[in-house]
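One structure below.
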Amino acid sequence: MVLTDYTDRISLHKLYGQIAKNAAQLDQTGCFPEQEFNYIKEAGLLGITLPGNFLSFDKLKTKELLMLLKEIGKASLPVGRIYEGHINALYLVSLFATPAQKERWFTDVNFGKKLFGVWNTQEANGVRIYDFGNGKYRLKGTKTFCSGADCIDRPLVTGKLISPNKRGWQMFIIPTEKVKAIRADRSFWNPLGMRASVSYKMDLSGIELREADLLGPPDAYYQQPHFSGGAIRFAAVQLGGAEAILEETHRFLRSTHRTDDAYQRARIAEISYLTETGNLWLNQAGAKNDDWIKKPGTADQIVAYANMTRTVVEDICLRTMQLAERSVGSRGFMKPNPLERLHRDLTTYLRQPAPDATLNSIGDYVLRQESTNKLWDDARR
Ligand SMILES: Cc1cc2nc3c(=O)[nH]c(=O)nc-3n(C[C@H](O)[C@H](O)[C@H](O)COP(=O)(O)OP(=O)(O)OC[C@H]3O[C@@H](n4cnc5c(N)ncnc54)[C@H](O)[C@@H]3O)c2cc1C
């Protein structure tokens, strides 16, 4: 089964069902969703954004991509997180790789079924890339929150480049089977939820790279609007989590015959319009992105819109969880009721980088405009 167009929707529904069915079993420390990624590979979803394919980045089908991410997130947030990381890595490759690198990495996806991920987060002992000359580099240091951990075949990692010629925050992609094994510190990942994202601390010390493994020039990773603009993809996965909570709350209220109560109706009404608001935001963010991305001078606007989208979706998810808690009570949050896991997973996955700075940056963008007329109507220069 390879997704070519929307005629494959039925197959996708089956895929989401398969992923959702096993989500509770995966909720254990050290349990990578291997079977789920086999289904994803079989469905052709690893390469769905590659040139010529249905959601190829150059076709500008961001809305459709966001809906795919949302549905996978709804089936399982950890699977959604890892899949989103794969898509993010391929987006960076499409932006910054040389033609020869694209051919290599796209072949890895299409024929090798290799899974990519992006590992940028780090603590004090972060990654440094030492230039040894003759196109050879050696790594030292660790990354934290490395989703997929040693199950990622092609981690796209960032680090500080230490070289006589170049300096900055450098991306590289590790051909894992050709280098020294990356040491995983599993003890790092002891989270409230999202256990199956296996977001371990990874020690890259001693790994040697070639020039061809470096992606883009130094500091390309933080290039806007791509860096902040990508937040709409994790927001899509998060909204999938809120939709799963709506579904389970609905199921619980019906099965306990608590549907005639006015308060319960009011709460389910609110969750319903909130999650639908999230869909409207995602659709609009996708449309705006595709409209603006090709126009010069739109980076700030794309970033501000993506920042608003992720902030609204975070609020929607938090409010949805609160309403669901009040609706189902403590009984509804007991295992094996899925709400217990969904709530923990979404609470954990909502913690994304710099929420305060994000809000601040939206305000800064708006206040830099001379007026609020047509703030988001058309690309402003
Ligand atoms: C399930 C999961 C999977 C993940 N997978 C990956 C992955 O594959 N790759 C990857 O690179 N990362 C990954 N991450 C990390 C993620 O991208 C964020 O970096 C991380 O979740 C942020 O953690 P935090 O909330 O503790 O952040 P913090 O930055 O500590 O933020 C906590 C609060 O402090 C505020 N704050 C931040 N900086 C300051 C400051 N200087 N002064 C005052 N206040 C501040 C923030 O606004 C926020 O309110 C993952 C995270 C999760 C939860």
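The values are calculated or read from the model by the stated rules, or taken from the named source; none is laboratory data. Here the structure is a predicted model, which is why all the values come from computation and not from measurement. Using ideal geometry, Cβ is built from the backbone for each residue, glycine included, and neighbour counts are taken over all protein chains shown. In case anyone asks, the SASA skips ligands and DNA or RNA and just uses the protein heavy atoms, side chains included. Shrake-Rupley method; radii C 1.70, N 1.55, O 1.52, S 1.80 Å.
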So the check is Cβ under 8 Å with 6+ separation or different chains; which pairs have a first residue in segment 79-90 that's not assigned by TED's automatic domain parsing to the domain that holds residue 239 and open to solvent by 10 Å² or more (accessible area, probe 1.4 Å) and a second one that's assigned to a helix (DSSP H, G or I) and not aromatic (Phe, Trp, Tyr)?
81/73; 81/197; 81/237; 88/233
Taking segment 245-260 on its own, how many of its residues are open to solvent by 30 Å² or more (accessible area, probe 1.4 Å), assigned to a helix (DSSP H, G or I) and touching a Ser or Thr at 6+ places or on another chain (Cβ under 9 Å)?
2
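Hey, among 310, 326, 319, which residue is part of a helix (DSSP H, G or I), farther than 16 Å from residue 243 by Cβ, out of contact with any strand residue (DSSP E or B) (no Cβ under 6 Å at 6 or more places or on another chain) and more than 15 Å from the ligand (Cβ to nearest atom)?
Numbers: 310 fails: more than 15 Å from the ligand (Cβ to nearest atom); 319 fails: farther than 16 Å from residue 243 by Cβ.
Sole residue among the options that is part of a helix (DSSP H, G or I), farther than 16 Å from residue 243 by Cβ, out of contact with any strand residue (DSSP E or B) (no Cβ under 6 Å at 6 or more places or on another chain) and more than 15 Å from the ligand (Cβ to nearest atom): 326.
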A careful count of residues in segment 122-155 that are part of a strand (DSSP E or B), within 14 Å of the ligand (Cβ to nearest atom) and of a type in the set (Val, Ile, Thr) gives 2
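What are the residues in segment 32-51 that are open to solvent by 10 Å² or more (accessible area, probe 1.4 Å) and either over 25 Å from residue 283 (Cβ atoms) or within 16 Å of the ligand (Cβ to nearest atom) (or both), if any? Working first, answer last.
Of all residues in segment 32-51, those open to solvent by 10 Å² or more (accessible area, probe 1.4 Å) come to 32, 34-35, 38-39, 41-42, 44, 51.
If the condition is that a residue be open to solvent by 10 Å² or more (accessible area, probe 1.4 Å) and either over 25 Å from residue 283 (Cβ atoms) or within 16 Å of the ligand (Cβ to nearest atom) (or both), then 32, 34, 35, 38, 39, 41, 42 are the ones that fit.
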In the set 242, 266, which member is open to solvent by less than 20 Å² (accessible area, probe 1.4 Å), out of contact with any strand residue (DSSP E or B) (no Cβ under 6 Å at 6 or more places or on another chain) and in a helix (DSSP H, G or I)?
242
When residue 60 is evaluated against the numbered criteria (1) at negative phi; (2) surrounded by fewer than 24 Cβ atoms within 10 Å (Cβ to Cβ); (3) modelled with pLDDT of 95 or more, which criterion, by number, is the only one it fails?
(1)
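With the condition kept exactly as written, say whether any residue in segment 181-190 is in contact with a Pro (Cβ under 8 Å, 6 or more places away or on another chain), free of Cβ contacts under 8 Å to residues at least 60 places away in the same chain, closer than 22 Å to residue 83 by Cβ and within 15 Å of the ligand (Cβ to nearest atom).
Filtering segment 181-190 down to residues in contact with a Pro (Cβ under 8 Å, 6 or more places away or on another chain) leaves 182.
Next cut, free of Cβ contacts under 8 Å to residues at least 60 places away in the same chain only: 182.
Checking the rest, the ones that are also closer than 22 Å to residue 83 by Cβ come to 182.
Those still in the list that are within 15 Å of the ligand (Cβ to nearest atom) too: 182.
The answer is yes; a qualifying residue exists.
Just the residues that are of a type in the set (Val, Ile, Thr) and closer than 30 Å to residue 294 by Cβ, please, taken from segment 6-59. Working first, answer last.
In the first step, residues of segment 6-59 are kept if they are of a type in the set (Val, Ile, Thr); the result is 7, 10, 19, 29, 40, 48-49.
Answer for segment 6-59, where residues must be of a type in the set (Val, Ile, Thr) and closer than 30 Å to residue 294 by Cβ: 7, 40, 48, 49.
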Return the pair list, or none, for Cβ contacts closer than 7 Å from residues in segment 347-362 that are near the ligand (Cβ under 9 Å from one of its atoms) to residues that are part of a loop (DSSP other than H, G, I, E, B), at least 6 apart or on different chains.
348/191; 348/192; 348/193; 348/194; 349/194
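Give the residues of segment 189-208 that are out of contact with any helix residue (DSSP H, G or I) (no Cβ under 6 Å at 6 or more places or on another chain) and within 27 Å of residue 219 (Cβ to Cβ), sorted by residue number. Steps first, please.
Initial filter on segment 189-208 (out of contact with any helix residue (DSSP H, G or I) (no Cβ under 6 Å at 6 or more places or on another chain)): 189-190, 195, 199, 202-208.
199, 202, 203, 204, 205, 206, 207, 208, listed by residue number.
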